1. Distances over 29 Å make up what percent of all Cα-Cα pairs in the chain?
2. Have a look at region 225-336 and give its Rg and Dmax from the Cα atoms, expressed in angstrom.
3. Note down the accessible area of Ile214, probe 1.4 Å, to the nearest 10 Å².
4. Among the listed pairs Lys34/Lys74; Lys61/Lys299; Lys61/Lys132; Lys34/Lys75; Lys132/Lys236, give every one whose C-alpha distance is greater than 28 Å.
5. Quick one: the Cα spread of region 179-239 along its three principal axes, in angstroms, biggest first?
6. Of the accessible area of region 33-160, with the probe set at 1.4 angstrom, what percent is carbon plus sulfur?
7. Using only C-alpha atoms and all pairs of different ones, pull out the Kirkwood radius for region 33-160 in Å with one decimal.
8. May I ask you to give the solvent-accessible area per residue for region 231-352, in square angstrom, as obtained with a 1.4 angstrom probe?
Amino acid sequence: MIDMNRRGLAIAAGSAITMAAMGLPVMAATPERKLGYAIVGLGGYGLGVIIPQFKNCQHSKLVALVSGDPLKAKKVAAEYGVPERSIYNYQNFDAIKDNPDIDIVYVCLPVSMHAEYTIRAAAAGKHVMCEKPMAVSSAECEAMIAACKKAGKKLMIGYRCHFEPHNLEAIRLARSGAIGKLRYFRSEHGFTTGNPNAWRLKKAMSGGGSLMDIGIYALNAARYMTGEEPVAVYAKETTDRNDPRFREVEDMIEFQLEFPSGVIGSCMSMYSANQNHILLMGDKGRIDMEPGTRYDGNKLWVGQDRSTQVTPPPGPGLTQWAAQLDHLSQCVINNREPIVAGEEGLRDIRLIEAIYRSAREQKRIALV
Ligand code: NAD
């Protein structure tokens with residue numbers, strides 16, 4: 001195993017190159033002020049994952065909560081030191097405009113609510129972090145981008161893998177020619193979904209099935225690993241419509257992406273098997289990640305097989321989420337565009353729409 005952390009100067013050089021490659025500003029001197037986030041939606045991700053991350057941030061702090069459950073909100077507020085006057089619900093949400101502590105609203109709601117709360121947050125004069133997938137349609141994504149632009153506010157999508165050390169190192173290796181000329185990309189992303197009544201399995205709330213929720217990691221990785229935009233897609237869906245989980249949304253969808261250089265992307269998305277894998281093949285070797293996009297425990301190999309495991313240099317933050325939260329705060333402070341702005345979310349949703357169309361019409365869809 002190569003421990004890149006022990007390579008002295010290579011760490012600083014490597015991580016600076018990686019961050020520069022990703023368009024991330026190399027950390028400036030710490031400003032005095034931390035930007036205040038309001039978390040909208042105290043569910044599995046907002047409460048379970050994001051809120052505990054503010055302790056790892058340099059430029060961001062938790063200042064407000066938006067929830068439909070006042071008792072839960074009060075309890076969370078007490079635990080994290082949020083004043084009771086900064087607890088909102090979905091009805092009085094727009095009153096956040098009068099709360100100067102709130103700089104950024106983080107939308108952690110079911111997908112069908114992303115557009116509404118992003119647009120309302122921008123109208124209230126706040127910057128927005130919105131979870132992936134950006135919205136249920138490209139038309140909604142466009143409306144979100146327009147609303148933030150009109151209000152003069154930043155819009156970023158919660159693509160945490162762009163701040164995750166293994167992914168950043170894999171991108172750096174791919175760009176450095178470590179595996180020669182790229183030939184193909186493969187990724188399988190899936191998990192076994194359970195409760196048929198969950199919002200993820202209701203098309204009106206989720207916009208679609210496994211592709212919207214988990215397959216989007218394969219799609220986004222195909223783009224950031226190759227550094228190219230697909231020119232055509234071809235997809236095939238396999239869903240057992242008698243399974244009560246899949247009455248409204250797809251289970252398995254396999255999609256091929258054609259890139260301008262001739263690189264082929266081949267991806268599988270599913271809601272009925274647990275898999276998390278990214279493989280980039282070049283004419284001189286491969287970059288392999290399994291798991292590749294998990295919260296932790298990601299693994300990276302480079303070479304001819306899995307004999308050389310790479311420990312990546314430290315990423316831009318203490319954790320991928322701290323780096324993600326601080327990136328938007330720094331973009332606001334320095335008036336820069338986030339590396340994963342609304343347009344990045346829109347690109348994925350346009351591709352997802354083309355993938356669904358290809359599966360429906362059973363034909364290759366050219367994108368240019
Ligand atoms: P969840 O079901 O656990 O939480 C959703 C929250 O929205 C709950 O607090 C719920 O009460 C609230 N809500 C408000 N109105 C609702 C309604 N009408 N129906 C259902 N819930 C309603 O979901 P989650 O897993 O926290 O997902 C939230 C968002 O975060 C989604 O966009 C999801 O894709 C995203 N997410 C991202 C990651 C990641 O790694 N980036 C991981 C998980 C989830």
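The values are calculated or read from the model by the stated rules, or taken from the named source; none is laboratory data. Just so you know, these numbers come straight off a predicted model, no measurement behind them. Because the Cβ atoms are built from the backbone with ideal geometry, glycine has one as well, and the counts that use them run over all protein chains shown. Accessible surface areas use protein heavy atoms only, side chains included; no ligands, DNA or RNA. Shrake-Rupley method; radii C 1.70, N 1.55, O 1.52, S 1.80 Å.
1. The share of Cα pairs beyond 29 Å in the chain comes to 42 percent.
2. 18.1, 53
3. Ignoring ligands and nucleic acids, Ile214 comes out at about 20 Å².
4. On the way: Lys34/Lys74 23 Å; Lys61/Lys299 30 Å; Lys61/Lys132 21 Å; Lys34/Lys75 23 Å; Lys132/Lys236 23 Å.
Cα-Cα > 28 Å for Lys61/Lys299; rest within.
5. So the three principal-axis extents are 47, 21, 20 Å.
6. On the way: 2680 of 4930 Å².
The C+S portion of the solvent-accessible surface of region 33-160 is 54 percent.
7. When all Cα pairs of region 33-160 are included, the Kirkwood radius is 14.4 Å.
8. Accessible area per residue: 41 Å².
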